[in-house]
Amino acid sequence: MVFIVGLGGSVDPDSQSERALRAVLGAAERRGATVQAFTGAQLDLPPYHYGVHLPDGTRDYLEAVRRADGVVIASPAYHGTLSGLVKNAVDYLEELAQDERPYLSGRAVAPVAVAKGWQAAVTTLGTLRQVVHALRGWPTPIGLALNGSVTRFEADGSTPDENAGQLIGTVADQLIDFAERFRTAD
Ligand SMILES: Cc1cc2nc3c(=O)[nH]c(=O)nc-3n(C[C@H](O)[C@H](O)[C@H](O)COP(=O)(O)O)c2cc1C
């Protein structure tokens, strides 16, 4: 069974980026994956630096990413790019630098950006892809640039936006397809 880890969202209790993350994880689950999410307060970590004391729970997060066959990274757009909270959580993946599969090597990564408008949704999606490349991961061909004034998510990750729902399904298909192929090729 494919294991997919999601990280992202904000500390806002109604975080739309967290709900978008849960939507992708839910679609992956319906396709047979097991999933685990790290969101909001769990990722509200002190700024990363070499030798940082790993706060409680951080080891679980790093261990989950280490084991993952695929990853979803969902960020709100803050001033045209990913939020400091999400970027800082990603910076903690430096702890995986010496792994047999360093950083996000060998893992498909679905990038999800949620903004109030199109411009920041698209620029944030592009930056997420660059970050994934820097971490040696494989961004899914389809990413999600979501505009909160068009697409709203309920707490369970459902959305009345049928176009967004279809894209979410495509992203989940791509994540799982890549993970299964990569495992078989190993
Ligand atoms: C500090 C800050 C900066 C933001 N900058 C932008 C921006 O540049 N463009 C945009 O469209 N939305 C911007 N937004 C709006 C958020 O991207 C939007 O509300 C998003 O849904 C927030 O995600 P969340 O609900 O997961 O917290 C900003 C919000 C905050 C708090």
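The values are calculated or read from the model by the stated rules, or taken from the named source; none is laboratory data. Everything quoted here is computed from the prediction, not taken from an experiment. We place every Cβ from the backbone using ideal geometry, glycine too, and count neighbours over all the protein chains shown.
Looking across segment 110-136, the residues that are free of Cβ contacts under 8 Å to residues at least 60 places away in the same chain and β-branched (Val, Ile, Thr) come down to VAL122, THR123, THR124, THR127, VAL131, VAL132. Restricting segment 77-125 to residues that are within 13 Å of the ligand (Cβ to nearest atom) and at positive phi leaves a set whose member that is surrounded by the most Cβ atoms within 10 Å (Cβ to Cβ) is GLY80.
Here LEU146 passes the criteria (1) hydrophobic (A, V, I, L, M, F, W, C); (2) out of contact with any Phe, Trp or Tyr (no Cβ under 9 Å at 6 or more places or on another chain); (3) assigned to a strand (DSSP E or B) except the one numbered (2). Taking the criterion of being part of a helix (DSSP H, G or I) and aliphatic (A, V, I, L, M), would at least one residue in segment 104-114 satisfy it? No. For the residues ARG152, ARG183, ARG136, the requirement of being among the basic types (Lys, Arg), surrounded by fewer than 21 Cβ atoms within 10 Å (Cβ to Cβ) and part of a helix (DSSP H, G or I) singles out ARG183. The residue that is modelled with the highest pLDDT, counting only those in segment 47-58 that are of a type outside the set (S, T, N, Q), under 21 Å from the mean Cα position of the chain (by Cα) and surrounded by 12 or more Cβ atoms within 10 Å (Cβ to Cβ), is TYR48. Close Cβ contacts (under 7 Å, 6 or more residues apart or on different chains) running from residues in segment 155-173 that are closer than 16 Å to ALA121 by Cα to residues that are part of a loop (DSSP other than H, G, I, E, B) and not charged (D, E, K, R) comprise ALA164/THR151; LEU167/ILE142. Does GLY143 satisfy being surrounded by fewer than 18 Cβ atoms within 10 Å (Cβ to Cβ) and either within 16 Å of the ligand (Cβ to nearest atom) or touching a residue at least 24 places away in the same chain (Cβ under 8 Å) (or both)? No; evaluated as a whole, the condition is false for this residue.
The set of residues in segment 25-47 that are touching a strand residue (DSSP E or B) at 6+ places or on another chain (Cβ under 6 Å) and either in a strand (DSSP E or B) or within 20 Å of LYS116 (Cβ to Cβ) (or both) comprises THR34, VAL35, GLN36, ALA37, PHE38.
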